[in-house]
């Protein structure tokens with residue numbers, strides 16, 4: 001099993017930096033090709049971003065007061 005995603009060193013009060021280990025082996029990928037990873041904040045139903053990388057950085061909009069963007 002791969003480790004769960006972690007907060008990266010660039011995380012602060014206005015920016016969320018998430019890192020994870022890419023799934024590389026056929027066993028981990030379940031025989032499928034991984035085209036992208038989807039990133040979700042809290043319990044939201046829709047992904048906030050999709051990326052082919054092993055990290056993602058979200059910068060909070062200063063006008064955003066939505067509590068789901070709190071990190």
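The values are calculated or read from the model by the stated rules, or taken from the named source; none is laboratory data. Bear in mind the structure is a predicted one, so any value in this text is a computation, not a measurement. Note that each Cβ is placed from the backbone with ideal geometry, even for glycine, and that neighbours are counted across all protein chains shown.
Of the residues making up segment 27-41, those that are surrounded by 10 or more Cβ atoms within 10 Å (Cβ to Cβ) and either touching a helix residue (DSSP H, G or I) at 6+ places or on another chain (Cβ under 8 Å) or free of Cβ contacts under 8 Å to residues at least 12 places away in the same chain (or both) number 3. Among residues of segment 1-17 that are under 13 Å from residue 41 (Cα atoms), those with a beta-carbon under 6 Å from a residue that is part of a loop (DSSP other than H, G, I, E, B) and modelled with pLDDT under 90 at least six positions away or on a different chain give the pairs 16/71.
Residues of segment 12-25 that are closer than 16 Å to residue 2 by Cβ and surrounded by 10 or more Cβ atoms within 10 Å (Cβ to Cβ): 18, 19, 20, 21, 22, 23, 24.
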